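So the structure is just underneath, and the comments pick up after that.
Read the figures in this text as sums done on the coordinates, not as results from a lab. Computed from a predicted model, the values in this text were never measured in an experiment. Neighbour counts are summed over all protein chains in view; Cβ atoms, including those assigned to glycine, are modelled from backbone coordinates with ideal geometry.
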Amino acid sequence: MGLAQSGLRPGLLIAVVVALLDQVTKWWAENALTLYAPVEVTSFFNLSLVYNPGAAFSFLAGAGGWGRWFLSGVAVVIGLLILWWLARLPRQARWSVTALGLVLGGAVGNLIDRIAHGRVIDFLDFHWAGYHWPAFNVADMAIVVGAITLIVATFIEGDHSGSPTDSRG
């Protein structure tokens, strides 16, 4: 299968759109919001600018400089694996291509933050009855939706010869 028939181009297009949307919304958040000063949107949702030097749920937030570069390296490795996977997937595997494009775009969006700022910009804050979900951003949403979609895709589309776990390739 050539690259023209693969999922690489559509997956990359989705990833670019997600990364751009993520960066635009983070730029807006930094320019419109005040650090740690929530703006109530609804009874369960605030816009609240925070910085996360770690990963999900502030994992490795206190690790210092090495955590930044470790997480950046993980994102690069995952990104390269996704590119390889997209290049081997048939374009017709739309669910898988979309899922991988979402995950790649989210990973790139947060990688840009880590490299440029040493931390990830978060601003979406959901809460209920005094409990707050950790703040997140568009990149995080894309990664979660992409991961869930990839699971669903395995049931809808079945196995593809391009998947990293396939021993035939």
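In this rough spin-label picture, where each label sits 7 Å from Cα along the Cβ direction, the E40-I148 distance is 2.7 nm. The P(r) of segment 1-57 has a tail past 15 Å containing 67 percent of all C-alpha pairs.
If you take the square roots of the eigenvalues of the alpha-carbon gyration tensor of segment 71-147 and sort them as a ≥ b ≥ c, do you get rounded (a/c under 1.5), prolate (a/b over b/c) or oblate? Taking the square roots of the gyration eigenvalues as a ≥ b ≥ c, segment 71-147 is oblate.
For segment 1-55, the set of chymotrypsin sites (Phe, Trp or Tyr not before Pro) satisfying both a DSSP loop assignment and a count of at most 16 other C-beta atoms within 10 Å is given as Y36, F44.
Between the C-alpha center of segment 1-39 and that of segment 77-94 there is a gap of 18 Å.
For W128 and V17, the difference between the fully extended length at 0.36 nm per residue and the C-alpha to C-alpha distance is 36.9 nm.
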